[in-house]
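Written out below as structure tokens is the structure these notes cover.
The values are calculated or read from the model by the stated rules, or taken from the named source; none is laboratory data. Just so it is clear, the model here is predicted, and its values are computed rather than measured. Note that we place each Cβ from the backbone using ideal geometry, even for glycine, and neighbour counts take in every protein chain shown. Only protein heavy atoms, including side chains, enter the accessible area calculation; ligands, DNA and RNA are left aside. Shrake-Rupley method; radii C 1.70, N 1.55, O 1.52, S 1.80 Å.
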Amino acid sequence: MNRVAVITDIHGNLPALEASLAAIDAIGVDALYCGGDLVGYGPHPNEVCRLIEEREIPTIYGNYDHAIARELDDCGCAYVTPHDRELGQQSVVWTLAHTDQRSRDFMFALPFDLRFELGERKVHLVHGSPRKVNEYLFEDKPASLYERLAKAEEADVLIFGHTHKPWIHKYGGVLFVNCGSVGKPKDGDPRCAFAILELDETGQVRASIERVPYDAEAVAREVEAAGLPGEYAKKLVAAA
């Protein structure tokens, strides 16, 4: 393989997933992988699971998938304020009530991580970090953290999501790639985000973040109509 795409953090947003898959098909890749969090916050949990399943996209579980598949009432998310926690709990309750058994079974069977090769380069896909599914690897964390992770990493590329904020940086010889989020960006850009990895002329892996527009306002209206918190609808449009 010389070029692959990685999507993650779809969060029940079917139109965003469809737009991302159409863009990836147009780009042309040798393989497509998914870093999890298929459900939560968005109004289409079952439709997203079906599309991932039907496309036979190799997928790992995210913290939300792990919780909903096991009917847990804690998604393992980090909340800044009590209000954020209350909103988050509303999403968990809604998603538990609206995710069918086929989707639960599909997510239950997903693995923690995936490993594949791009040319001669090894790639490791996780949701949060190699240590925990819900660890947040933000760009502004100390370089010493990433140096330690790089030292423990067997792969040349570590690719992940969970923060919904994309970034790319090399530490300790390992290329770290945060894909951002397909269905719930938090970096101020409401467009879908996903990563493209490809080999350059020297056989090294080059990574980029691609952005794709979709009708976020229409999905925001669906979020409100479904009975999910209105703040989630607003954040889809503002991506904050």
One residue from I24, I57 being of a type in the set (V, I, T) and in contact with a helix residue (DSSP H, G or I) (Cβ under 9 Å, 6 or more places away or on another chain): I57
Restricting the stretch 41-71 to residues that are assigned to a loop (DSSP other than H, G, I, E, B) and of a type in the set (G, A, S), the residue that is surrounded by the most Cβ atoms within 10 Å (Cβ to Cβ): G62
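Here is a yes/no grid of residues against (1) open to solvent by 70 Å² or more (accessible area, probe 1.4 Å); (2) in a loop (DSSP other than H, G, I, E, B); (3) among the charged types (D, E, K, R):
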| position | (1), (2), (3) |
| --- | --- |
| D73 | yes, yes, yes |
| G88 | no, no, no |
| W94 | no, no, no |
| F112 | no, yes, no |
| R115 | yes, no, yes |
Residue check for D105: at pLDDT 95 or above, acidic (D, E), touching a Cys at 6+ places or on another chain (Cβ under 9 Å) and closer than 19 Å to V48 by Cβ: no
Filtered residues of the stretch 183-208 (kept if in a loop (DSSP other than H, G, I, E, B), in contact (Cβ under 8 Å) with a residue 60 or more places away in the chain and in contact with a Leu (Cβ under 8 Å, 6 or more places away or on another chain)): G183, K184
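For every residue, the table says whether it meets (1) surrounded by 14 or more Cβ atoms within 10 Å (Cβ to Cβ); (2) among the acidic types (D, E); (3) over 19 Å from H164 (Cβ atoms); (4) more than 16 Å from the chain's Cα centre (by Cα).
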| residue | (1), (2), (3), (4) |
| --- | --- |
| A193 | yes, no, no, no |
| L199 | yes, no, yes, yes |
| R206 | yes, no, yes, yes |
| P213 | no, no, no, yes |
| A218 | no, no, yes, yes |
| A225 | no, no, yes, yes |
| P229 | yes, no, no, yes |
| K235 | yes, no, no, yes |
Of residues in the stretch 151-185 being open to solvent by less than 10 Å² (accessible area, probe 1.4 Å) and small (G, A, S), the one farthest from the chain's Cα centre (by Cα): A155
Filter result (open to solvent by 20 Å² or more (accessible area, probe 1.4 Å) and either modelled with pLDDT under 95 or under 12 Å from the mean Cα position of the chain (by Cα) (or both)) within the stretch 1-40: M1, N2, Y33
Hits in the stretch 117-131 - residues which are in contact (Cβ under 8 Å) with a residue 24 or more places away in the chain, open to solvent by 10 Å² or more (accessible area, probe 1.4 Å) and either in contact with a Lys or Arg (Cβ under 7 Å, 6 or more places away or on another chain) or charged (D, E, K, R) (or both): E117, E120, R121, K122
Among the residues listed as C75, C49, the single one being over 13 Å from the mean Cα position of the chain (by Cα), at pLDDT below 95 and within 27 Å of A97 (Cβ to Cβ): C75
E135 in contact with a Gly (Cβ under 7 Å, 6 or more places away or on another chain), farther than 26 Å from H44 by Cα and either touching a residue at least 12 places away in the same chain (Cβ under 8 Å) or open to solvent by 80 Å² or more (accessible area, probe 1.4 Å) (or both): no
Among the residues listed as G227, G180, the single one being small (G, A, S), in a loop (DSSP other than H, G, I, E, B), touching a residue at least 40 places away in the same chain (Cβ under 8 Å) and more than 23 Å from K141 (Cα to Cα): G227
